[in-house]
Amino acid sequence: MHHLVVIGYVWPEPNSSAAGYHMLSLIRAFQDWGWQVTFASPAAAGEHRFALTEIGVAEVSIALNCSSFDSWIKEQAPDAVLFDRFMMEEQFGWRVAKNCPQALQILDLEDLHSLRDARQQILKQQLRDGPVAFPMLMDQAQLYPQMASSDMAKREIAAIHRADLSLVISHAELQLLTREFHVPPQQLLHCPFIQPPALADTPSFANRQHFVSIGNFRHAPNWDAVRWLKESIWPQIRQQLPQAQLHVYGAYPPKKATQLHNERDGFLVKGWVEDAHQAIAASRVLLAPLRFGAGIKGKLLDAMRTGTPSVTTPIGAEGMLTSADWPGEVCDTASHFADAAVTLYKDADRWQQAQQTGWSALEKHFDAALIRSQLYARIVALIQPDQLAQHRAQNFTGQMLQHHQHRSTQFMSQWIEVKQQLSDLKADTQTD
């Protein structure tokens, strides 16, 4: 039996975030292929974490900057290690390479963090100059200089080169990595969310009411979207539909978010919901006014699954579908967004057409069986020792970045560990 070790940035919370759902779907895929799976993380457990032990996955807490990981990973002797986001590859990738050199190293990017960060910085600058809808730099060639100048991009792209295979969730990001950053295509695999089929027997147009917005509040794009809804979009919708309500869901709402709750205006901040699909299916239209971000958006796929038309921005739709194929509408200003939402809410024919478009898109672009089979084929090919050796030999940049002269993260980690040991020794001496 093959063994996969997952190094998690956080413990999976599939009911709180799309990232948590994606991680759980990857774990289940490996289990269905007959692999033993161990999940290890240095993070504290969140209140909504999924109990992995209930599905036969071993859970292990590991420490950052600690050589105890070295002996542990050597004992595990995994056939493959999956790093959850580039930060975990930085912390533990060199330790895996040192102690388990034959293990296939897979990097699950979730989304391209440096792309999201670049757009956030652009938005902040534009907001200083006046009200804007979303960052105007959408073209990848224009975004590249902003990304390439950042430390985050240098770290993230370096991790991609060091890994044997990186899972890219958005085809737009796949193009960005190959065209602008010149990452060899053989180092990447397009692996979007492994979605179940559309839900059966969802409520009809007449049996739904109100609007819904959903997203983990710890994710900066979601919080920005809620603020934009409150400040600019919802007042325009409410003016045209004075009895409508907006139900805002999301895990870990901060006080500044709950303070936006206003019964009189129909702006209802409800926080975490155990069954997101049920909440979305009860609503007539989902609103996702994302002004920055990356990857593909789980909330918009959930809307398609529940037959709920959605209104979003070009950034929300990026990597999923074109504006012309969207199950609802893609908008670039607050007024356009509000008008599109009202039209979908009132027009039953337009609503039903959007619903059908979403269901068709799921079948065409998010076929779970196809995504799984493509992932399985790449894993099976690379897990063979001769194939892995050949694959690595062709990745000179990755070999260069693994070289000790370039492994600053390794030396920093070792320095932190020694510093902590000296501190503990000093404390013990003073106690004696």
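The values are calculated or read from the model by the stated rules, or taken from the named source; none is laboratory data. The model shown is predicted, which means the values in this text are computed figures rather than measured ones. Neighbour counts are summed over all protein chains in view; Cβ atoms, including those assigned to glycine, are modelled from backbone coordinates with ideal geometry. Please note that ligands, DNA and RNA were not included when accessible areas were found on the heavy atoms of the full protein model with its side chains. Shrake-Rupley method; radii C 1.70, N 1.55, O 1.52, S 1.80 Å.
Taking every residue in the stretch 348-374 that is at pLDDT 95 or above and pairing it with any residue that is open to solvent by 70 Å² or more (accessible area, probe 1.4 Å) and aromatic (Phe, Trp, Tyr), at least 6 positions away or on another chain, yields no pair with a Cβ-Cβ distance below 8 Å. In the set Asp84, Asp79, Asp70, only one residue is of a type in the set (Asp, Glu), open to solvent by 40 Å² or more (accessible area, probe 1.4 Å) and touching a residue at least 12 places away in the same chain (Cβ under 8 Å); that residue is Asp79.
Residue check: Ala163 meets all listed conditions (1) among the small types (Gly, Ala, Ser); (2) surrounded by fewer than 20 Cβ atoms within 10 Å (Cβ to Cβ); (3) in contact (Cβ under 8 Å) with a residue 60 or more places away in the chain but one, namely (2). Scanning the stretch 87-107 for residues that are closer than 20 Å to Gln186 by Cβ, surrounded by 18 or more Cβ atoms within 10 Å (Cβ to Cβ) and not hydrophobic (A, V, I, L, M, F, W, C) yields Glu89, Gly93, Gln105. I'd like to verify a number: residues in the stretch 277-318 that are of a type in the set (A, V, I, L, M), under 15 Å from Gly20 (Cα atoms) and surrounded by fewer than 24 Cβ atoms within 10 Å (Cβ to Cβ), how many? The qualifying residues number 1. Of all residues in the stretch 235-259, those satisfying the criterion of being in contact (Cβ under 8 Å) with a residue 40 or more places away in the chain, farther than 30 Å from Ala45 by Cα and not polar (S, T, N, Q) are Ile237, Leu241, Ala244, Leu246. For Gln259, the requirement of being open to solvent by 10 Å² or more (accessible area, probe 1.4 Å), within 23 Å of Thr202 (Cα to Cα) and polar (S, T, N, Q) is not met.
What do you reckon, is Gln259 touching an Asp or Glu at 6+ places or on another chain (Cβ under 9 Å), modelled with pLDDT of 95 or more and not acidic (Asp, Glu)? Judged against the criteria, Gln259 is not a match.
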